[in-house]
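S.K.: Sharing a structure here in structure tokens format.
Each value in this text was obtained by applying a stated rule to the coordinates, not by laboratory testing. Please read all numbers here as calculations on a predicted model, not as lab measurements. Backbone-built Cβ (ideal geometry, glycine too); neighbour counts: all protein chains shown.
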Amino acid sequence: DPVALTDPHSAGDAELAFEGALRPKTLDEFVGQRRVRGQLQLLLRAAELQDRTPDHILLAGPPGLGKTTLAMIVAYEGGRPLRMSSGPAIQHAGDLAAILSSLVSGEVLFIDEIHRMARSAEEMLYLAMEDFRIDIMVGKGAGATSVPLELAPFTLVGATTRAGLLPNPLRDRFGFTAHLEFYDEAELELVLARAARLLGLDIDGEAVAEIAGRCRGTPRIANRLLRRVRDYALVHGARPDVTSVKAALELYDVDPLGLDRLDRAVMTTMLERFGGGPVGLSTLAVSVGEEAETIEAVVEPFLVRIGLITRTPRGRVATPAAWRHFGLAGPGAEPS
Ligand code: ADP
């Protein structure tokens with residue numbers, strides 16, 4: 001299993017099949033995100049009453065929080081076909097034209113990582129979203145002409161880890177933007193209990209709570225840890241109780257707060273090399289050898305959420321809780 005356990009970005013084939021099996025199919029099965037669920041419900045119902053395709057939807061938030069799942073639900077609940085693509089797969093306007101021109105009426109088009117789409121495709125998308133029409137360039141040079149092409153009405157569901165990276169004209173064309181938040185432990189316990197039921201795994205509440213506290217507020221990671229716990233119990237002929245949960249998570253190097261390797265690298269760099277900060281995001285990114293975008297979209301939101309770092313105008317600063325968690329003496333601490 002080549003997948004890093006807590007990296008919400010990576011997924012091997014087995015992991016994808018596993019995720020597919022656990023994906024909620026309806027809004028009712030979708031745990032948490034109450035606000036977003038209510039908003040989506042209204043949007044879908046209004047479209048249904050008016051017998052039209054739902055407005056375009058932008059889903060923003062860190063990986064693993066349910067953006068793909070919600071796109072599938074939008075299609076499933078409306079009984080609509082779903083086409084899936086992603087920003088990195090759309091490198092030319094032609095790639096997008098090929099997708100758009102083959103959509104059937106009412107189809108849901110999901111574009112993951114939409115902020116990575118080519119500029120030229122972005123511009124084509126504006127017109128497509130607004131008027132269900134694109135202009136196709138025919139011929140080259142002075143003889144080139146643009147031919148308008150009518151599209152079937154569709155609903156675009158875009159997903160991004162960074163809504164701020166989308167150009168305004170694109171952002172403005174979505175009828176609704178949902179910001180997904182990290183899940184609290186009670187919600188994660190529901191995600192885990194549901195997954196355990198689907199997997200036929202007999203796991204008690206205390207063990208579930210232990211996993212819920214260590215999964216970075218992320219359902220994808222919760223399900224992944226559950227699977228490792230199942231493996232552990234199977235191999236050791238043990239019950240998946242809190243003892244085997246702790247042993248399994250320790251084996252996979254998941255720390256008590258659920259921090260993964262990159263989270264820990266960022267924190268220890270801040271604490272040990274920069275004396276706790278303030279340190280700029282790009283400096284941090286270079287120091288840990290990661291893209292600034294990943295630090296900002298994936299690592300930082302969680303570290304802020306659990307109170308290990310704060311953002312200040314001068315940069316990121318480690319909190320006293322961070323020094324404690326890593327067993328280090330902070331600035332101004334009594335020398336021991
Ligand atoms: P994203 O597209 O935001 O990276 P996904 O939609 O692929 O995240 O979610 C990853 C996995 O987490 C899904 O396969 C699903 O099993 C689980 N999941 C996500 N959100 C929920 C939720 N609200 N309730 C139950 N399971 C969820």
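S.K.: If T268 meets every condition in (1) polar (S, T, N, Q); (2) part of a helix (DSSP H, G or I); (3) touching a strand residue (DSSP E or B) at 6+ places or on another chain (Cβ under 9 Å) apart from one, which number is that one?
M.R.: (3)
S.K.: Would you check which residues across segment 143-183 are among the acidic types (D, E), more than 12 Å from the chain's Cα centre (by Cα) and either assigned to a strand (DSSP E or B) or within 21 Å of V304 (Cβ to Cβ) (or both) and list them? Explain how you work it out, then say what you get.
M.R.: Our first condition is that a residue be among the acidic types (D, E); within segment 143-183, this holds for 150, 172, 181.
Now restrict to residues that are more than 12 Å from the chain's Cα centre (by Cα): 150, 172.
Listed by number, the list holds a single entry, E150.
S.K.: Among the residues of segment 185-215, write down those that are in a loop (DSSP other than H, G, I, E, B) and within 12 Å of the ligand (Cβ to nearest atom).
M.R.: To start, the set of residues in segment 185-215 that are in a loop (DSSP other than H, G, I, E, B) comprises 200-204, 213-215.
Residue satisfying the conditions is C215 alone.
S.K.: What are the pairs with Cβ atoms under 9 angstrom where one residue, in segment 15-41, is free of Cβ contacts under 8 Å to residues at least 40 places away in the same chain and within 18 Å of G200 (Cα to Cα) and the other, located anywhere, is of a type in the set (F, W, Y) and crowded, with 17+ Cβ neighbours inside 10 Å? Sequence gap at least six, or different chains.
M.R.: No pair meets every condition.
S.K.: So, one more: Given I111, I73, I134, which one is under 26 Å from G38 (Cβ atoms), assigned to a strand (DSSP E or B), of a type in the set (V, I, T) and touching a residue at least 24 places away in the same chain (Cβ under 8 Å)?
M.R.: On the way: I73 fails: assigned to a strand (DSSP E or B); I134 fails: under 26 Å from G38 (Cβ atoms).
Being under 26 Å from G38 (Cβ atoms), assigned to a strand (DSSP E or B), of a type in the set (V, I, T) and touching a residue at least 24 places away in the same chain (Cβ under 8 Å) holds for just one of I111, I73, I134, which is I111.
S.K.: Now for a different question. Picking from G94, G106, G32, G38, which residue would you name as being within 11 Å of the ligand (Cβ to nearest atom), among the small types (G, A, S) and either part of a helix (DSSP H, G or I) or surrounded by 17 or more Cβ atoms within 10 Å (Cβ to Cβ) (or both)?
M.R.: On the way: G94 fails: within 11 Å of the ligand (Cβ to nearest atom); G106 fails: within 11 Å of the ligand (Cβ to nearest atom); G38 fails: within 11 Å of the ligand (Cβ to nearest atom).
Unique residue meeting the criteria: G32.
S.K.: Taking segment 135-151 on its own, how many of its residues are small (G, A, S) and surrounded by 10 or more Cβ atoms within 10 Å (Cβ to Cβ)? Walk me through how you get there before you give the answer.
M.R.: Going through segment 135-151, the residues small (G, A, S) turn out to be 139, 141-144, 146.
Adding the requirement that they be surrounded by 10 or more Cβ atoms within 10 Å (Cβ to Cβ) leaves 139, 146.
So the answer is 2.
S.K.: Moving to a separate point now. For residues in segment 218-251 being within 16 Å of L198 (Cα to Cα) and hydrophobic (A, V, I, L, M, F, W, C), which is farthest from the ligand (Cβ to nearest atom)?
M.R.: Keep residues of segment 218-251 that are within 16 Å of L198 (Cα to Cα), which gives 219-220, 222-231, 240.
Next cut, hydrophobic (A, V, I, L, M, F, W, C) only: 222, 225-226, 229.
On the way: A222: 8, L225: 12, L226: 10, V229: 16 Å.
Looking at the filtered set, the residue picked out is V229.
S.K.: Going residue by residue through segment 67-84, is there one that turns out to be more than 16 Å from the ligand (Cβ to nearest atom), more than 22 Å from R162 (Cβ to Cβ) and aromatic (F, W, Y)?
M.R.: No - not one qualifying residue is present in segment 67-84.
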